[in-house]
Amino acid sequence: MVMETMNLTAPSRRRGGLLAAAVALTAVSAALLAAHVSFDGDTFRHCRHLGPSARMYVTAWAGPLCSVAALVTCAGVVRRRGRAWPVMVCAVLGLLLLCVQVTALYWVYAPDPSGGYDCSGLAGIEQ
């Protein structure tokens, strides 16, 4: 009769991997939000409204996707492991980031804030 040894370390590695993935996705989501904010200067050049750049669209869509992935991963960790404080902190940060990123995504598709007059406030002067 052959006795099989139980591998007790495999489940904990998976749990640790899910927690690390949740933290990494939350960090990537925060970095994408910071990148999106830093690309905000792409919309105007020499008082001309160019519209959002391609990198603004990419960061505006990738940020919420990473936040949702982080929240789903946190839910998986909570289901397997229980309510650990790092998971809860990661989930709260992911939810906060998701709210801000959805607002940034809305602003990407918002109309020209200067009303179509290129530089804001110069419409009355140019007459």
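The values are calculated or read from the model by the stated rules, or taken from the named source; none is laboratory data. Here the structure is a predicted model, which means the values were calculated and not measured. Here Cβ is always computed from backbone atoms with ideal geometry, including for glycine, and neighbour counts include all displayed protein chains. Keep in mind that these areas ignore ligands, DNA and RNA; they rest on the heavy atoms of the full protein, side chains included. Shrake-Rupley method; radii C 1.70, N 1.55, O 1.52, S 1.80 Å.
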- Message: Take the conditions modelled with pLDDT of 85 or more and open to solvent by 30 Å² or more (accessible area, probe 1.4 Å) and apply them to Arg80. Does it pass?
- Response: no
- Hey, among the residues in region 15-31 that are small (Gly, Ala, Ser), touching a residue at least 12 places away in the same chain (Cβ under 8 Å) and farther than 14 Å from Ala62 by Cβ, which one's least open to solvent (accessible area, probe 1.4 Å)? Ala22
- Item | Yes/no for Pro111 being at pLDDT below 90 and either in contact with a strand residue (DSSP E or B) (Cβ under 8 Å, 6 or more places away or on another chain) or in a helix (DSSP H, G or I) (or both) | no
